[in-house]
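This report concerns only the one structure given below.
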Amino acid sequence: MAEYLNPTVGCEKLIKILREKGITDERVLDAFRKVPRHLFVDGAMYAQAYDDNALPIGNGQTISQPIVVAMMTEMLELKKDEKILEIGTGSGFQTAILAQFSRRVYTIERQRELGENARKRLRELGYINVVCKIGDGTCGWQQFAPFDKIIVTAGAPVVPKTLIDQLAIGGRMIIPAGDREKQELHIYDRSELGCKCRVTGDVTFVPLIGEHGW
Ligand code: SAM
């Protein structure tokens, strides 16, 4: 059987690549086993679904590169009872990975068509702990704040204060920020004393567009 028609083979191939690139959290690797990536891309791209590449999902957007999804998920250090806010639903793949680890994932997509496709896909796949919204994620989701973890999957010019304000005490936010071509991952940890930020390696994301974005 061709590899792309056999998701189990594809998943194991991808997991091997993720291990080689430094992912060590077995829970994260196992989540990639439970979320078949080919279900989140167009049928014409099934053959590439288990390569470590970003792929087009329409509307000028991409499903993120698996190593970036794995790295950001690992950095979040998720716990089962947590409430997560994700900005940039896209295909819903990262959302489904997050949903393996948490009580509830609130996810916002600004492009209606993408957001509605992802909502339908996640519902059909049985993700009852995901709540989708179409809107400007740079404003966060005040109604359900504070969040234990926040992940932004589009690149911001500056880190929106609105999102920092919606982070719970003890919470963590990961957000790429920089210029349009290249960003750095910013990791915010909130304690009772305030927020500490550290910056890690270079990444490239599509722009975060909105009131507090580009
Ligand atoms: N994590 C997604 C996945 O696994 O398919 C990929 C996300 S894609 C790299 C970034 C997404 O952020 C795009 O779908 C884009 O439309 C969305 N986006 C950009 N600005 C946004 C905003 N202000 N609010 C919500 N979504 C936004």
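Name the single residue, out of those in the range 75-133 being aliphatic (A, V, I, L, M) and more than 15 Å from the ligand (Cβ to nearest atom), that is most open to solvent (accessible area, probe 1.4 Å). Before the answer, list the steps.
At the first step, the residues of the range 75-133 found to be aliphatic (A, V, I, L, M) are 75-76, 78, 84-85, 87, 96-99, 105, 108, 114, 118, 122, 125, 128, 130-131.
With the extra rule that they be more than 15 Å from the ligand (Cβ to nearest atom), the set shrinks to 78, 128.
Working: L78: 6, I128: 154 Å².
Here the residue is I128.
Quick check on this structure: which one of I150, I169, I97, I84 is under 17 Å from F205 (Cα atoms), outside any loop (DSSP other than H, G, I, E, B) and not small (G, A, S)? Explain how you work it out, then say what you get.
On the way: I169 fails: under 17 Å from F205 (Cα atoms); I97 fails: under 17 Å from F205 (Cα atoms); I84 fails: under 17 Å from F205 (Cα atoms).
Result of the check over I150, I169, I97, I84: I150.
Report every pair of residues separated by at least 6 positions or lying on different chains whose Cβ atoms are under 8 Å apart, first residue within the range 30-55 and under 17 Å from T95 (Cβ atoms) and in a helix (DSSP H, G or I), second aromatic (F, W, Y) and open to solvent by 60 Å² or more (accessible area, probe 1.4 Å).
H38/Y4; H38/Y46
Identify, please: which residue in the range 172-214 is of a type in the set (V, I, T) and away from the ligand (no atom under 16 Å from the Cβ) and is, among those, nearest to K83 (Cα to Cα)?
Taking the range 172-214 and keeping what is of a type in the set (V, I, T), we get 174-175, 187, 199-200, 203-204, 206, 209.
Keeping just the survivors that are away from the ligand (no atom under 16 Å from the Cβ) gives 187, 199-200.
Details: I187: 17, V199: 23, T200: 24 Å.
Once the filter is applied, the top-ranked residue is I187.
Pairs under 7 Å by beta carbon, first residue in contact (Cβ under 8 Å) with a residue 12 or more places away in the chain in the range 132-157, partner assigned to a strand (DSSP E or B) and aromatic (F, W, Y), six or more apart or different chains?
What qualifies is W141/Y106; F144/Y106.
Test of understanding: among I151, I84, I128, I97, which residue is aliphatic (A, V, I, L, M) and in contact with a Lys or Arg (Cβ under 7 Å, 6 or more places away or on another chain)? Walk me through it before giving the result.
Numbers: I151 fails: in contact with a Lys or Arg (Cβ under 7 Å, 6 or more places away or on another chain); I128 fails: in contact with a Lys or Arg (Cβ under 7 Å, 6 or more places away or on another chain); I97 fails: in contact with a Lys or Arg (Cβ under 7 Å, 6 or more places away or on another chain).
After applying the criteria, what remains is I84.
Is there a residue being among the basic types (K, R), closer than 21 Å to V69 by Cα, open to solvent by 10 Å² or more (accessible area, probe 1.4 Å) and at pLDDT 95 or above anywhere in the range 160-167? Walk me through how you get there before you give the answer.
Of all residues in the range 160-167, those among the basic types (K, R) come to 161.
From what is left, the residues that are closer than 21 Å to V69 by Cα are none.
No, there is no match, as no residue in the range 160-167 is among the basic types (K, R), closer than 21 Å to V69 by Cα, open to solvent by 10 Å² or more (accessible area, probe 1.4 Å) and at pLDDT 95 or above.
The values are calculated or read from the model by the stated rules, or taken from the named source; none is laboratory data. Here the structure is a predicted model, which is why all the values come from computation and not from measurement. Note: ideal-geometry Cβ built from the backbone for every residue, glycine included; neighbour counts use all protein chains shown. What goes into the accessible areas is simple: the full protein's heavy atoms, side chains included, and nothing from ligands, DNA or RNA. Shrake-Rupley method; radii C 1.70, N 1.55, O 1.52, S 1.80 Å.
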